[in-house]
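Working notes, structure below.
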Amino acid sequence: MKSMHFTQEKDLSWAEWEDYSEDQLYMDCVAGIIDHPVFLSMDNFMQHGDTTCKVHCIKVSYMSYCICRRLGWDYREVARAGLLHDLFLYDWHTHAKETGERFHGFTHPRTALNNAVKHFELTEKEKDMILRHMWPLTPVPPKSREGMVIVYSDKVCGMAETVARFKRWILFCFGWKSAA
Ligand SMILES: [Fe+2]
Ligand SMILES: [Fe+2]
């Protein structure tokens, strides 16, 4: 039987090759968050496919920042809220089994916000963007247009991460890729 080690392959998506860290303006916006131990600890939890919560949040943050900057909207707050939008700090794949709490999709924005305010000073707008990012699954939409950008970026990144993993899985099953 083929091993499932293909899941350990690195997620080589645009967040890596775009090299957000060379964008000094972006790095200034997210200073104090992107190198904070609590933020970095999201690397211990998988989000979609082979992508960790940390990498997923960087993608959503940087994509939202690029969109808002292009449109002349508030790119600083969207960059910061994007980084923290999934700061729930557990493995949602095993969470239901371990805790009996089966509504991660609905509850994790509130958990992420509670964790975020414990460690970072946030504006009301940033808090709203984190709390409302799962709209329309959760019924109340974000109050700001920047919050809607996070909703959009989160869906696009989540979809791309899931599809990328499925593609790697297909390639692996057909023997077109090594399992290392
Ligand atoms: Fe989320
Ligand atoms: Fe997300």
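The values are calculated or read from the model by the stated rules, or taken from the named source; none is laboratory data. These numbers come from a predicted model, not from an experiment. Every residue, glycine as well, gets a Cβ built from its backbone with ideal geometry; the counts of neighbours run over all protein chains shown.
Checking the structure you have, find out if any residue of segment 144-159 is part of a loop (DSSP other than H, G, I, E, B) and over 12 Å from the mean Cα position of the chain (by Cα).
From segment 144-159, those part of a loop (DSSP other than H, G, I, E, B) are 144; that's our starting set.
From what is left, the residues that are over 12 Å from the mean Cα position of the chain (by Cα) are 144.
Within segment 144-159, one or more residues are part of a loop (DSSP other than H, G, I, E, B) and over 12 Å from the mean Cα position of the chain (by Cα).
Please go through segment 157-170 and pick out each residue that is surrounded by 13 or more Cβ atoms within 10 Å (Cβ to Cβ) and at pLDDT 75 or above.
Scanning segment 157-170 gives Cys157, Gly158, Ala160, Glu161, Thr162.
Screening the candidates Cys66, Cys57, Cys29 for the property of being within 16 Å of ligand 1 (Cβ to nearest atom) and buried (at least 17 other Cβ atoms within 10 Å of the Cβ) yields one hit, Cys57. Checked against (1) within 16 Å of ligand 2 (Cβ to nearest atom); (2) among the hydroxyl-bearing types (Ser, Thr, Tyr); (3) modelled with pLDDT of 95 or more, Tyr90 passes all but a single condition, namely (3). Among residues of segment 109-162 being away from ligand 2 (no atom under 11 Å from the Cβ) and β-branched (Val, Ile, Thr), the one that is nearest to Gln47 (Cα to Cα) is Thr162. Would segment 92-115 turn up any residue that is part of a helix (DSSP H, G or I) and in contact (Cβ under 8 Å) with a residue 60 or more places away in the chain? Yes, the conditions are met somewhere in segment 92-115. For the condition at pLDDT below 95 and either of a type in the set (Lys, Arg) or farther than 20 Å from Asp50 by Cα (or both), Gly105 does not qualify.
Mind checking whether some residue in segment 70-88 is under 12 Å from the mean Cα position of the chain (by Cα) and acidic (Asp, Glu)? Yes, segment 70-88 has at least one match.
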